C-alpha cells in the first residue's frame, strides 16, 4: 500500500508517497481502507513545522473509510462498515485526561494519509449513511471540536447568542450546530463574499473585521449591550482581547485555534469583571462523536466542503489551506491506484 509521510524532514515539499506492506489485523484489530481525508490547520502545522512531532510521520487526523478485515475477537464493527478513525484513539468516554489524550492520529500515532490503516476496534465510529466519504472525513476533528465546544462544554440553545470567528472548518460547523440548536449566530470574516455564504447557512449577523476592526463593540450592539454567550475563538494572539470585550458577563470563550499566534496579552481585570470562562478545546471522545453523529442524522446536516483533491495532489491542498482561501473544508480522495 501507499502512504504519504514526512519520512526524514518536515515541510510540504518533504511530504512524499512511500510504499509499505499491507497491514494485517491481530486480535482486537481492524483494517480500514481509507476513502477520503480532510485537512485541518493542525495538519498544516504538523507537515510544515512538526508541531512537536519527529519524523518519520504519516500526517493528517481526519478521514473516513470502509472496514476491509477484522481480527479475532472483534465485535464492534464488521467488514463493510463505513467508519471514521477517531483522532484520540485513547478517549472513548468520560472527562478528558492526560491518558485520554495520549494516543493521537497524525501525532503520537501515524495519521490517516495512507491507503489502509490498522486500528484497534475501539478506535473507530460508524458514520451516518446519508454522508459521502468526503463529508464523513470532516467529522472526527473539525466537526467534533465544534460540537464539544457549543454542545458539551459551553452549550447554546434558543435565546443564546454565539460569535463564530472566521469561515474555516470548525467555525462553519459551529455555525451549523448552533443554528440547529436554536441559537443566534454572529460570524466574523475579512471577506464580504464569505460572509454572504455564511448568511446562506443561517448566520443572523455578520461582521467584516477588516472594515470594522472594533468588532467586539459591534457584537455588543447586536446583543443590545449584553454581550454574546459564547465566543468560538480561533484567532489567538490578535483576537483574544476583542473576544473578551464581546463576551457577556458570565459567558464563555472556547479556544480552539491559534491562527494569529500562540500567545496573547489580555486584560486580567476585564476577565475578572466579566467573570468569563476561557476554555481550551481539543477534539472530543468517541461517546461525544456518536452523539454528534446521531444529531447530525436527525437534522440531515451536511458538512460544507470547499474543494476536493485526489490524494496525489495533497501539496496543492495544503497550499490552499496555507493561503486561507477556503470556505469550510478541504478534502482528499483515495484510490488503490493513487500515485
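The table below gives the values:
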{"read-out": "Number of positions in region 55-89 that are part of a loop (DSSP other than H, G, I, E, B) and more than 16 Å from residue 145 (Cα to Cα)", "value": "15"}
{"read-out": "Residue among 113, 92 that alone is under 14 Å from residue 314 (Cα atoms), touching a helix residue (DSSP H, G or I) at 6+ places or on another chain (Cβ under 9 Å) and in contact (Cβ under 8 Å) with a residue 40 or more places away in the chain", "value": "113"}
{"read-out": "Which numbered condition residue 99 misses (of (1) over 19 Å from residue 288 (Cα atoms); (2) without any contact (Cβ under 8 Å) to a residue 24 or more places away in the chain)", "value": "(1)"}
{"read-out": "Failed criterion for residue 339 (all others in (1) modelled with pLDDT under 95; (2) surrounded by 14 or more Cβ atoms within 10 Å (Cβ to Cβ); (3) not in a strand (DSSP E or B) hold)", "value": "(2)"}
{"read-out": "Failed criterion for residue 113 (all others in (1) buried (at least 17 other Cβ atoms within 10 Å of the Cβ); (2) in the same structural domain as residue 211 (by TED's automatic domain parsing); (3) closer than 22 Å to residue 282 by Cα; (4) in contact with a strand residue (DSSP E or B) (Cβ under 9 Å, 6 or more places away or on another chain) hold)", "value": "(2)"}
{"read-out": "Residue 61 vs. criteria at pLDDT 95 or above and closer than 28 Å to residue 305 by Cβ", "value": "yes"}
{"read-out": "Candidates 167, 138, 188, filtered to the one that is in contact with a helix residue (DSSP H, G or I) (Cβ under 7 Å, 6 or more places away or on another chain) and modelled with pLDDT under 95", "value": "167"}
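The values are calculated or read from the model by the stated rules, or taken from the named source; none is laboratory data. As the structure is a computational prediction, the values presented were derived from the model and not from experiment. Here the Cβ is made from the backbone with ideal geometry for all residues, glycine too, and neighbour counts use every protein chain on show.
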